[in-house]
Amino acid sequence: MQVKLRIFRFDPQTDLQPHYDTFTVNSEPTDRVLDCLNKIRWEQDGSLAYRMSCAHGICGSDGMTINGVSALACQKLVKDFPPDKEILIEPLSVFAVVKDLVVDLEPFFEREKSVHPSGGIALTEAAEDVEHLQSMEERARFDDDIKCIMCGCCVAACPVNQGEDPAYVGPAAVVRAHRYIFDSRVGDTLKRLQIMDTPHGVWSCKSYFKCTQVCPKKIQITKHIVEVKRKILSDLRHKK
Ligand code: SF4
Ligand code: SF4
Ligand code: FES
């Protein structure tokens, strides 16, 4: 079958304005959108810029906007889209475009780091030379969080990050905070809650659920955000 892709193009070094190019590729219905992009780059236009590495939903590098929805190009199949229509490919929203589908994720990584108190991760007291034990239930408390591959799709999809409060730390950073706040071995929970309880912290989230809908690892992001809010209320504010 033939697939048409309408792709956002912009090189800030040379272009005054973005534009769109349309490409037609021969593909199988089970090909991924990433396979189509690779065919375009290898056979038609070597200047098309996008990130990819693992091609299997592991590295998180090929996040982009496909028909208006944040997604990994390696997880979307050609047959997922109407066969008689072009597939619209654009960069992740919220982030600055470096070139074509490549965006600057440095601010995203900075916000991920900002959830940690200065001085790194403080563990709870454990006797010297003794294993820091954790029950299966305690370990399961943050299982979902550690599936995050830092693709940025949730932030790009979040209406708060998109405009209501662009400085909002973002869903991925709250997932990162949740991972430590609910780890029984971590001893600086209150400091982590204080970081979340600041302007542009967790309270900027309005529970739109867009992040949860697009997360390629199916992390229950909004649920974890609500758990962090509840923990702030129970452990921080009600103890003042
Ligand atoms: S929470 Fe999901 S969507 Fe957000 S960065 Fe992690 S894997 Fe990507
Ligand atoms: S639930 Fe919160 S973080 Fe997720 S999209 Fe909505 S406002 Fe953004
Ligand atoms: S290329 Fe690695 S997640 Fe898609």
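The values are calculated or read from the model by the stated rules, or taken from the named source; none is laboratory data. The structure displayed is predicted, hence computed values, not measured ones. Please note: Cβ atoms are built from the backbone with ideal geometry, for glycine as well, and neighbour counts cover all protein chains shown. For the accessible areas, the whole protein counts, side chains as well, though only heavy atoms, and no ligand, DNA or RNA atoms are used. Shrake-Rupley method; radii C 1.70, N 1.55, O 1.52, S 1.80 Å.
Reported count of residues in the stretch 213-240, each being out of contact with any Cys (no Cβ under 7 Å at 6 or more places or on another chain) and either farther than 20 Å from C74 by Cβ or open to solvent by less than 20 Å² (accessible area, probe 1.4 Å) (or both), is 18. Taken as a whole, the condition of being surrounded by 13 or more Cβ atoms within 10 Å (Cβ to Cβ), modelled with pLDDT of 95 or more and not in a loop (DSSP other than H, G, I, E, B) applies to F108. Taken over the stretch 132-152, the criterion of being open to solvent by less than 10 Å² (accessible area, probe 1.4 Å) and under 20 Å from P91 (Cα atoms) is satisfied by G152 alone.
How many residues does the stretch 153-163 hold that are among the small types (G, A, S) and surrounded by 24 or more Cβ atoms within 10 Å (Cβ to Cβ)?
Taking the stretch 153-163 as the starting set, the residues that turn out to be among the small types (G, A, S) are 156-157, 163.
Still in the list and also surrounded by 24 or more Cβ atoms within 10 Å (Cβ to Cβ): 156-157.
The number of residues fulfilling the criteria is 2.
For the stretch 98-105, does any single residue satisfy the condition of being of a type in the set (K, R), within 16 Å of ligand 3 (Cβ to nearest atom) and surrounded by 12 or more Cβ atoms within 10 Å (Cβ to Cβ)? Checked the stretch 98-105: no residue is of a type in the set (K, R), within 16 Å of ligand 3 (Cβ to nearest atom) and surrounded by 12 or more Cβ atoms within 10 Å (Cβ to Cβ). Using beta carbons and a limit of 9 Å, which pairs, at least six apart or on different chains, have the first residue in the stretch 171-185 and touching a residue at least 60 places away in the same chain (Cβ under 8 Å) and open to solvent by less than 10 Å² (accessible area, probe 1.4 Å) and the second one basic (K, R) and more than 16 Å from ligand 3 (Cβ to nearest atom)? Qualifying pairs under 9 Å: A172/R111; A173/R111; A173/K113; A177/R192. Among the residues of the stretch 52-92, the ones that are within 12 Å of P216 (Cα to Cα), within 16 Å of ligand 2 (Cβ to nearest atom) and open to solvent by less than 30 Å² (accessible area, probe 1.4 Å) come to 3 in all.
Among the strands (runs of 3 or more DSSP E) confined to the stretch 6-76, there are none with at least 3 residues that are within 16 Å of ligand 3 (Cβ to nearest atom), in contact with an Asp or Glu (Cβ under 7 Å, 6 or more places away or on another chain) and not aliphatic (A, V, I, L, M). What about A49, is it in contact with a strand residue (DSSP E or B) (Cβ under 6 Å, 6 or more places away or on another chain) and among the small types (G, A, S)? Spelling it out, A49 is indeed in contact with a strand residue (DSSP E or B) (Cβ under 6 Å, 6 or more places away or on another chain) and among the small types (G, A, S).
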